[in-house]
Amino acid sequence: MIGNVKLFSISTLILSTAALCITSTGCKPQAPDLERLRAVETSNEQLRRKISDMQKRIREAGNADADLREQIETRRQAINETLTRKTELRRKETALKLRYIELESRLKAFRAEFGEMQSKIVNSINDNAQP
């Protein structure tokens, strides 16, 4: 406890002396302190500029993001339109294939019927030609 009191007394004495020195007119900052202060001010100015530059880049990136979103949305719409067109073409293709199968079936039936008619005509001619 006595060690703490001595340490506290010495700290108080140092702080009091420093405060007295600062408030008196005869105490001026020493050159190394001025150099450190200028270095800190320079560092702060550089940091302020960097922060300003970063804020500007962030704003520009935000604008680029909006442009990019527009491009993505435009391309998405184009893809959807293309997919819709593809679906329509597939439906038409299916309808045409069904129509082709139907016509092919009808042609086959017509040929079979035509063949039967030819056979009947040939038989009829042969029947009439026999004495």
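The values are calculated or read from the model by the stated rules, or taken from the named source; none is laboratory data. These figures come from a predicted structure and were not determined experimentally. Positions of Cβ are backbone-derived with ideal geometry, glycine not excepted, and every protein chain shown enters the neighbour counts. Remember, those area values only see protein heavy atoms, side chains included, never the ligands or the DNA or RNA. Shrake-Rupley method; radii C 1.70, N 1.55, O 1.52, S 1.80 Å.
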inquiry  = Checking the structure you have, find out if any residue of the stretch 120-131 is open to solvent by 100 Å² or more (accessible area, probe 1.4 Å) and outside any helix (DSSP H, G or I).
reply    = yes
task = Run down Arg69, Arg91, Arg106 and say which single residue is at pLDDT below 85, out of contact with any helix residue (DSSP H, G or I) (no Cβ under 9 Å at 6 or more places or on another chain), open to solvent by 90 Å² or more (accessible area, probe 1.4 Å) and in a helix (DSSP H, G or I).
result = Arg69
note = The condition from (1) modelled with pLDDT of 90 or more; (2) open to solvent by 100 Å² or more (accessible area, probe 1.4 Å) that Ala78 misses is numbered (2)
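Matching residues to (1) open to solvent by 100 Å² or more (accessible area, probe 1.4 Å); (2) aliphatic (A, V, I, L, M); (3) in contact with a strand residue (DSSP E or B) (Cβ under 8 Å, 6 or more places away or on another chain); (4) at pLDDT below 55:
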{"residue": "Leu13", "(1), (2), (3), (4)": "yes, yes, no, yes"}
{"residue": "Leu20", "(1), (2), (3), (4)": "yes, yes, no, yes"}
{"residue": "Thr23", "(1), (2), (3), (4)": "yes, no, no, yes"}
{"residue": "Ser43", "(1), (2), (3), (4)": "no, no, no, no"}
{"residue": "Ile51", "(1), (2), (3), (4)": "no, yes, no, no"}
{"residue": "Ile58", "(1), (2), (3), (4)": "yes, yes, no, no"}
{"residue": "Gly62", "(1), (2), (3), (4)": "no, no, no, no"}
